[in-house]
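The values are calculated or read from the model by the stated rules, or taken from the named source; none is laboratory data. Nothing here was measured: the structure is a model prediction, and the numbers come from that model. So basically every Cβ, Gly included, is an ideal-geometry build from the backbone, and we count neighbours across all protein chains shown.
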Amino acid sequence: MSEDRSKSDGTVGKALEILDLVASFGRPVRFSDVLERAEFPKATVYRFIQTLTSQGMLSYDPDRQTYALGIRLVRLAHSAWQQSSLAPIARPLIEQLAAEVGETVHLAQLDHAQVLYVDKIDPGRPIEMYSQAGKIGPAYCTGVGKAMMAYLETSHLAGVIEQQSFHVFTEFTLPDEAALRAELIDIRTNGYGFDREEHEPGIICVSLPILTARGRVLGALSVTSSTQRTNLAALEALVPRIRVAANAIAREAESWRFPDQSKIQTVDTAKE
C-alpha cells in the first residue's frame with residue numbers, strides 16, 4: 001500500500017495493511033518479522049497487532065511467540081465467498097467445463113490491481129502450477145488478468161496498469177505498459193486472450209472475460225495447460241465452449257443480483 005493511500009484510509013487502512021503483511025508470509029510469524037517489513041514505528045505496529053489479535057483477526061501462539069491469521073477471518077472469508085465471489089454461482093459450470101475439456105479451469109476476479117483466483121478445478125491429470133483458489137497473482141502476465149483489464153473503463157484501466165510491477169518472470173513476460181496496452185487491444189478485438197508462458201515456464205492458457213449485459217467486468221475464466229501436453233492453437237479451439245460457460249456464469253450472477261462493485265466504489269468514494 002502506498003503511503004498516500006495509507007494516510008487517506010486512516011487507522012483502519014493501517015490495521016488492514018498489517019493484516020495483509022502477516023498474511024503475505026504464508027506462515028506464522030514473530031513480531032520482529034512484521035516489524036522488519038512494516039512501514040510504521042514499532043509502537044504503532046505493536047498496537048495494531050494487539051488490536052487485531054484481541055478482535056480475532058490474528059491468533060497468538062504463546063509457546064512459539066508467533067502470530068497467524070485468526071479464525072474470525074475464516075468466517076469472514078466464508079461469508080465473502082458466498083456473498084461477493086462468483087465461485088458459488090460458477091462452481092457447477094466450471095466443473096462441467098473442466099470435465100469436457102480435460103484441462104484445468106480457473107475462475108478469477110480483480111482484487112484492486114491484482115488477480116484473485118476464486119476457484120480452480122483440476123482435471124484427472126492436474127499440472128503443477130502457481131495458481132490456487134485464494135491466491136493472488138499479477139494481472140499483466142496472466143491470461144485472466146489481461147482478459148479482465150481489456151474490458152475495464154479507461155480511467156479504471158489506467159489506475160490498474162499504473163500498479164503493475166512489470167517484473168520479468170520468463171522470457172515471454174510483457175516488459176512494459178506499451179506492450180501490455182497493445183495486447184489488451186488485441187484481446188478486446190478478438191474477445192479472448194492468452195498466457196504464453198508469461199508467468200510460469202511451460203504454462204499456457206486461453207482466457208475470456210465474464211461480463212454483465214452492459215459490459216461490466218465481473219471476472220474471467222480460463223482453460224490452462226502445459227506446452228508438454230498441448231499448444232495455444234488447441235486451446236484457442238476451446239474458445240466457443242469457454243464462452244458458453246462465461247456467458248452462463250454472467251447470467252447466473254446477474255440473476256442472483258451479484259453486487260455492483262462500481263456502485264459500491266462510487267458510494268465509498270463519496271463518503272471519503
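Out of I89, I127, one residue alone is more than 12 Å from the chain's Cα centre (by Cα), surrounded by 13 or more Cβ atoms within 10 Å (Cβ to Cβ) and not in a loop (DSSP other than H, G, I, E, B). It is I89. Quick check, is S32 outside the structural domain of L211 (by TED's automatic domain parsing), assigned to a helix (DSSP H, G or I) and either over 30 Å from G159 (Cβ atoms) or not aromatic (F, W, Y) (or both)? The answer is yes for S32.
All conditions but one from (1) out of contact with any Lys or Arg (no Cβ under 7 Å at 6 or more places or on another chain); (2) surrounded by 16 or more Cβ atoms within 10 Å (Cβ to Cβ) apply to I204; the one that does not is (1).
Of all positions in segment 150-173, at least one carries a residue that is under 22 Å from A253 (Cα atoms), buried (at least 22 other Cβ atoms within 10 Å of the Cβ) and not aromatic (F, W, Y). Is it the case, given these coordinates, that R72 is in contact with an Asp or Glu (Cβ under 8 Å, 6 or more places away or on another chain), surrounded by fewer than 19 Cβ atoms within 10 Å (Cβ to Cβ) and within 30 Å of E252 (Cβ to Cβ)? Criteria not met by R72. Here segment 96-118 is the region considered, the condition is being crowded, with 24+ Cβ neighbours inside 10 Å and part of a strand (DSSP E or B), and the residue that is nearest to the chain's Cα centre (by Cα) is V115. The condition of being among the hydroxyl-bearing types (S, T, Y) and in the same structural domain as A15 (by TED's automatic domain parsing) holds for only one of Y67, Y117, Y140, that being Y67. Among the residues of segment 141-178, which ones are of a type in the set (S, T, Y) and either in contact (Cβ under 8 Å) with a residue 60 or more places away in the chain or assigned to a loop (DSSP other than H, G, I, E, B) (or both)? Residues satisfying the conditions are T142, Y151, S165, T170, T173.
The lone criterion from (1) over 21 Å from L76 (Cα atoms); (2) free of Cβ contacts under 8 Å to residues at least 24 places away in the same chain left unmet by G56 is number (1).
Residue count for segment 195-234, restricted to those that are without any contact (Cβ under 8 Å) to a residue 60 or more places away in the chain and of a type in the set (A, V, I, L, M): 5.
Note on segment 179-220: residues that are among the small types (G, A, S) and assigned to a strand (DSSP E or B) amount to 4.
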